[in-house]
Amino acid sequence: MKIILPTLFLLLAFFSVRAQSYRQFVKISDKESDNEILLKAANLVPAKRQLSWQKMELTAFIHFGINTFTDREWGKGDESPALFNPTKLDARQWTKVCKDAGMKLVMITAKHHDGFCLWPSKFTEHSVKNSPWKNGNGDVVKELADACKEMNLKFGVYLSPWDMHEETYGTDAYNDYYVNQLTEFLTEYGKVEEVWFDGACGEGPNGKKQIYDWERYYQTIRNLAPEAVIAITGPDVRWVGTESGYGRDTEWSVVPVAYQNQDLIAERSQQKEGLFRPKVKPTSEDLGSRYKLFKSNELVWYPSEVDVSIRPGWFYHQNQDEKVKSVNKLLDIFYCSVGKNSLLLLNLPPDKRGLIHENDVLTLQRWREKLDKTFSLNLLRGAKVFNGGAEINSIVLVDGELSTSITVENKGKRIVEFHLKEAKTFDLVCLQENINVGQRVEEFNVEAEINESWKTIGTGTTIGYKRILRVDPVTTTKLRLVISQSRLTPELSEFGIFKQAE
Ligand code: FUL
């Protein structure tokens, strides 16, 4: 007993400290010093659902609906369901294309701003049930949910809060309608892992705008789908602020709580049809640097998602068949989203047949081939690794496992050095921080030994979940990472060098 009680006490103390320091949200009082604030920021971590979401890296958006048939980007809400008539709809083709491209989740616009529902909702007549497709017996959402299960893909839903068709829009009854639809969705189609709330908010059929009961929507999701992240006008995933495919160079997953404000998000979303250019320049705004944190009184783990379409529009338009983004453009987008501590949500809009068009499929295949070739081999495998001058187990940084990491030692400078057996040529440097314990690195250099002296070949600010630097091709046997500024001891999880496929 003498031993057990103190041990129990110690264990309890340990877990309560952990519980205190490992969390997604923290308040800051006026009395706290800058250092205390930084420590708090550095100890924030993703929730379990945010971590699984982040690790997916690539997800697919499917914009499909009445607009596909009217050739519009935004409907008006008065379209007849009779227009919805795909001739060859095959959700398995969508999931195969997504799986082959390396996507981990597929998210469908179950309802866009026009209010037309791709599933036979009990709460409205404005749905596939009144369309000629499958004589009104079809259910696009079910077909996709089933195809995702078969392919072992996660499933997500975009349910536009803005509804130009629903008569109750603009009244309290609309919040009931919306919650009913969410409930239908989250109870009848298996597991949903992302719910995407659009920022666009306009007038309904009565010319009124809706006051959304966000708290109730969120609570419904937390009750029915606790593992789902709620994105954009939601608490778990932040919209990067552009629809261009390009994220920020400095991307913090810890930001002031103010960035979760729904009105702010809505205001910055596109508010006019056809306006696809970013309202916020991707690099113009610094969200989570020290200066921003010091002025804030609440901080939160709120990671960024980059959404972009493979075509100029979100919905399919035949006249954009030749405007599918090129393989190189998509690679650039990959490096500037996944490679900059964001997740990429790439839109692949099915055509009037109900299939992802051949041009999009071909581009995606080529894109995937290039990515696979590029990342098939981490050229650092087998290298000796030195942390603060001492040799360490060489596997940890190349094992592809986020949760295994090293604490980068501070011996005057924080340096991790790599010695290769033979010279290698590379033009990509890929770094990951162990975000299980937080995001900490604020500034780093990558240096290579060239003609017996160290030369900086790349520099960066944040790393976070993943940072990929594109550098001029370098051939060397020795390279090192120098972390010049960090909020707390950096925990480096992965380090890789790769050569981009020709
Ligand atoms: C925007 C919408 O207005 C677009 O139509 C599209 O759905 C995009 C993903 O979000 O806010």
task: Mind putting a number on the dipole of the chain about its Cα centre? Charges go on the C-beta only, +1 for Lys and Arg and -1 for Asp and Glu, and I need it in Debye to the nearest 20.
output: 1180
field: Kyte-Doolittle mean at least 0.5, axial Cα span of 20 Å or more - DSSP H helices of the chain
entry: 4-21
With all protein chains modelled, accessible area of Val254 [1.4 Å, Å²]: 0
- line: Of all DSSP beta bridges with both partners in the chain, the antiparallel percent, nearest 5, is 65
- line: Checked against the positive end of the charge dipole of the chain (+1 on Cβ of Lys and Arg, -1 on Cβ of Asp and Glu, about the Cα centre), the farthest of Ser484, Thr95, Gln500 is Ser484
query: If you take the square roots of the eigenvalues of the alpha-carbon gyration tensor of the stretch 449-502 and sort them as a ≥ b ≥ c, do you get rounded (a/c under 1.5), prolate (a/b over b/c) or oblate?
result: oblate
- prompt: Along its principal axes, what span do the Cα atoms of the stretch 122-167 show, with the longest given first and each in whole Å?
  reply: 38, 28, 14
- request: Give the residue from Ala448, Phe418, Ile463 lying farthest towards the positive end of the charge dipole for the stretch 390-502; charges sit on Cβ (+1 for Lys and Arg, -1 for Asp and Glu) and the dipole is referred to the Cα centre.
  value: Ile463
task: Rank these by accessible area, largest first, 1.4 Å probe: Lys352, Lys76, Lys292.
output: Lys76, Lys352, Lys292
statement: Taking the square root of 5λ for each eigenvalue of the C-alpha gyration tensor of the chain, the equivalent ellipsoid has semi-axes, largest first and in whole angstrom, of 42, 28, 20
statement: Sorting Asn85, Val385, Thr171 by the position of each Cα along the dipole of the chain (Lys, Arg +1; Asp, Glu -1; all at Cβ), the one nearest the positive end of that ordering is Val385
statement: Here the gain from full extension of Asp472 to Ala47, 0.36 nm per residue of separation minus their alpha-carbon distance, amounts to 149.3 nm
message: What does the charge count around Val429 come to, taking other residues whose C-beta lies under 9 Å from its C-beta (Lys +1, Arg +1, Asp -1, Glu -1)?
response: +1
message: Counting only other residues whose beta carbon sits under 11 Å from that of Lys292, what net charge do I get with K and R as +1, D and E as -1?
response: 0
- request: May I ask for the net charge around Pro473, where only other residues with Cβ less than 9 Å from the Cβ of Pro473 are counted and Lys, Arg are +1 while Asp, Glu are -1?
  value: -1
task: Provide Asp176, Asp360 ordered by accessible surface of protein heavy atoms (probe 1.4 Å), highest first.
output: Asp176, Asp360
- line: Taking only protein heavy atoms and a 1.4 Å probe, the highest-to-lowest accessible-area order of Lys373, Lys154, Lys134 is Lys373, Lys134, Lys154
query: Within the set Lys55/Lys111; Lys466/Lys499; Lys55/Lys154; Lys329/Lys478; Lys373/Lys424, which residue pairs have Cα atoms separated by over 21 Å?
result: Lys55/Lys111; Lys329/Lys478
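The values are calculated or read from the model by the stated rules, or taken from the named source; none is laboratory data. Model, not experiment: these values are computed from the prediction. No Cβ is skipped: glycine too gets one built from the backbone with ideal geometry, and neighbour counts run over all protein chains shown. The accessibility values were calculated without ligands, DNA or RNA, using every heavy atom of the protein model including side chains. Shrake-Rupley method; radii C 1.70, N 1.55, O 1.52, S 1.80 Å.
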